[in-house]
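*Asks:* Starting off with a structure, shown below.
The values are calculated or read from the model by the stated rules, or taken from the named source; none is laboratory data. From a predicted model like this one, the values you see are computed outputs, not experimental measurements. Glycine gets a Cβ as well: all are built from the backbone with ideal geometry, and neighbour counts include every protein chain shown. Ligands, DNA and RNA are stripped out before the accessible areas are found, and what is left, the full protein with its side chains, is counted by its heavy atoms. Shrake-Rupley method; radii C 1.70, N 1.55, O 1.52, S 1.80 Å.
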Amino acid sequence: MPTIRFVREGRDVKCGVGDNLRQVALREGLELYGLKGNLGNCGGCGQCITCFVAVIDPTSPEALSPLTEVEKVKLKARPANWRLACQTIVKSSVIILTKPQSPPLNAKALIESAKSAPLA
Ligand code: FES
């Protein structure tokens, strides 16, 4: 059972193999969206481009599903480690930063701390 370590929230969340990352985050009550996404999002269709996450450290290169065709277009000008949560399927444990477009001031320290503890 994969663990998703949410860096900003300081939480480890268990999920099933094949679970959708957006659905896991919302189920756990995590704040996935910024202001724009909270005002209106597409509900997971890959159209609003507001559910950004940064993949910090996957346990394997195949920890997440490959980029979808939608992501290849929508994320063209974004950092290579960004995903759209609604398009991402979890296969094994991974460290995630939600809302990477507005990282916390102590993001670097949070990320280093998150990477220092083993993922279950
Ligand atoms: S929820 Fe709209 S692109 Fe992911």
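*Asks:* Kindly provide the set of residues from region 69-120 that are of a type in the set (D, E, K, R) and without any contact (Cβ under 8 Å) to a residue 60 or more places away in the chain, ordered by number.
*Replies:* To start, the set of residues in region 69-120 that are of a type in the set (D, E, K, R) comprises 69, 71-72, 74, 76, 78, 83, 91, 99, 108, 112, 115.
Within region 69-120, 69, 71, 72, 74, 76, 78, 108, 112, 115 qualify.
*Asks:* Keeping to region 35-51, report how many residues are open to solvent by less than 80 Å² (accessible area, probe 1.4 Å), near the ligand (Cβ under 6 Å from one of its atoms) and without any contact (Cβ under 8 Å) to a residue 24 or more places away in the chain.
*Replies:* Looking only at that region, the number is 3.
*Asks:* For the condition closer than 22 Å to residue 12 by Cβ, away from the ligand (no atom under 13 Å from the Cβ) and assigned to a strand (DSSP E or B), what is the one hit in 111, 96? Talk me through it step by step, then tell me what you get.
*Replies:* Numbers: 111 fails: assigned to a strand (DSSP E or B).
After applying the criteria, what remains is 96.
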